[in-house]
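Asker: So that we are looking at the same thing, I have put the structure below in structure tokens.
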Amino acid sequence: VQLQACGGGLVQPGGSLRLSCAASGSIHSINVLGWYRQAPGTQRELVATISNGGISSNYADSVKGRFTISRDDAKNTVYLQMNNLKPDDTAVYYCNALTKSLMDYWGKGTQVTVSS
């Protein structure tokens, strides 16, 4: 499974961004898709995950009510809509795919910077 993320950038506090991550390769094996982030000097942390078919989703407490994860299985793409961004959301965001056989795949990160 290969993952290609895009959509990061510089945004002012209160602004919005939408990240996209396109999957290719053994896409039939993908179960859960998710987004993680890592700020400088910190460990990578979960942002949101979404199950196969979009039946259920899970969010970090810090982003609940502001971020929305979605997936389009026809396009093999997962999205992260980020609203009301805060400086603490500044990080490199990584797309993740967990297969039915519990193998993890990671895309290259995309930088999100929230600053005035």
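Asker: Under the 0.36 nm per residue contour assumption, what length would be gained going from the current alpha-carbon distance of R18 and D88 to full extension? Walk me through the numbers on the way to the answer.
Answerer: Details: separation 70, 0.36 × 70 = 25.20 nm, distance 1.68 nm.
Between R18 and D88, full extension yields 23.5 nm more.
Asker: Another question, then. For the peptides 29-41, 10-22, what is the packing order when you average, over each peptide's residues, the other Cβ atoms within 10 Å and list the highest mean first? Could you put the intermediate results ahead of the total?
Answerer: Working: 29-41: 17.8, 10-22: 15.8.
Descending mean neighbour count gives 29-41, 10-22.
Asker: Under the definition of Cα pairs under 8 Å and six or more residues apart, what whole-number percent is the relative contact order of the chain?
Answerer: Values: 287 pairs, mean separation 43.3, N = 116.
Reported relative contact order: 37 percent.
Asker: Sticking with this structure for a sec: Which value does Rg/Rh take for the chain over its C-alpha atoms, Rh per Kirkwood?
Answerer: Looking at the chain, the ratio lands at 0.95.
Asker: Same structure, new question: By the scheme Lys and Arg +1, Asp and Glu -1, what is the net charge of all other residues having a beta-carbon under 11 Å from that of V114? Can you show the working numbers first?
Answerer: Numbers: positive: K86; negative: D88, D89.
Local net charge: -1.
Asker: Give me the net charge for the shell around N83: Cβ to Cβ below 13 angstrom, other residues only, Lys and Arg +1, Asp and Glu -1.
Answerer: Around N83, the surrounding residues sum to +3.
Asker: Any idea how far the Cα center of region 97-116 sits from the one of region 1-80, in Å?
Answerer: 7
Asker: Subtract the Cα-Cα distance of K75 and C6 from 0.36 nm times their separation in residues, and report this length gain in nm to one decimal. All intermediate terms of the calculation are to be shown ahead of the outcome.
Answerer: On the way: separation 69, 0.36 × 69 = 24.84 nm, distance 1.48 nm.
Taking 0.36 nm per residue and subtracting the Cα distance, the gain is 23.4 nm.
Asker: Now a separate question. Looking at the chain, which Cys residues are left with no other cysteine's beta carbon under 4.7 Å from theirs?
Answerer: Lone cysteines by the Cβ rule: C6.
Asker: Excluding residues fewer than 8 places away in the same chain, name every one of the aspartates and glutamates whose C-alpha is closer than 13 Å to that of K64.
Answerer: D89
Asker: With label points built 7 Å along Cα→Cβ from the Cα atoms of S115 and K64, find their separation and express it in nm.
Answerer: About 3.1 nm, to one decimal.
Asker: If you take every residue apart from V32 with its C-beta less than 11 Å away from the C-beta of V32, what net charge results, scoring Lys and Arg +1 and Asp and Glu -1? The partial results should precede the final answer.
Answerer: Values: positive: R71, K100; negative: D104.
Local net charge: +1.
Asker: Could you give each residue of region 92-108 its phi-based ³J(HN,Hα) in whole Hz, using Karplus coefficients 6.51, -1.76, 1.60 with θ = phi - 60°, and x for Gly or Pro?
Answerer: Each residue of region 92-108 in turn: 8, 9, 10, 8, 9, 10, 10, 8, 5, 8, 6, 9, 9, 10, 10, x, 5 Hz.
Asker: Next question, about the same structure. Express in nm, to one decimal, how much length is gained between Q38 and K100 on full extension, taking 0.36 nm for each residue of separation and deducting their alpha carbon distance. Could you put the intermediate results ahead of the total?
Answerer: Details: separation 62, 0.36 × 62 = 22.32 nm, distance 2.52 nm.
Between Q38 and K100, full extension yields 19.8 nm more.
Asker: Enter the accessible area per residue of the chain (Å², integer; probe 1.4 Å; all protein chains in place). It would help to have the intermediate numbers written out before the result.
Answerer: Working: 6150 Å² over 116 residues.
Per residue, the chain has 53 Å² of solvent-accessible surface.
Asker: Search the structure for amide H atoms under 5 Å from the amide H of S26, placed 1.01 Å from N in the peptide plane, and list their residues when 5 or more places away or on another chain.
Answerer: Q2
Asker: Then there is this: Applying the Karplus parametrisation 6.51 cos²θ - 1.76 cosθ + 1.60 with θ = phi - 60° to the phi angles of region 53-61, what ³J(HN,Hα) value in whole Hz is obtained for each residue in order, glycine and proline being reported as x?
Answerer: x, x, 5, 9, 9, 9, 10, 5, 4
The values are calculated or read from the model by the stated rules, or taken from the named source; none is laboratory data. Being a predicted model, the structure only gives us computed values, none of them experimental. Quick reminder, even Gly has a Cβ in these numbers, built from the backbone with ideal geometry, and neighbours come from all protein chains shown. Note: areas computed on protein heavy atoms with side chains; ligands, DNA, RNA excluded. Shrake-Rupley method; radii C 1.70, N 1.55, O 1.52, S 1.80 Å.
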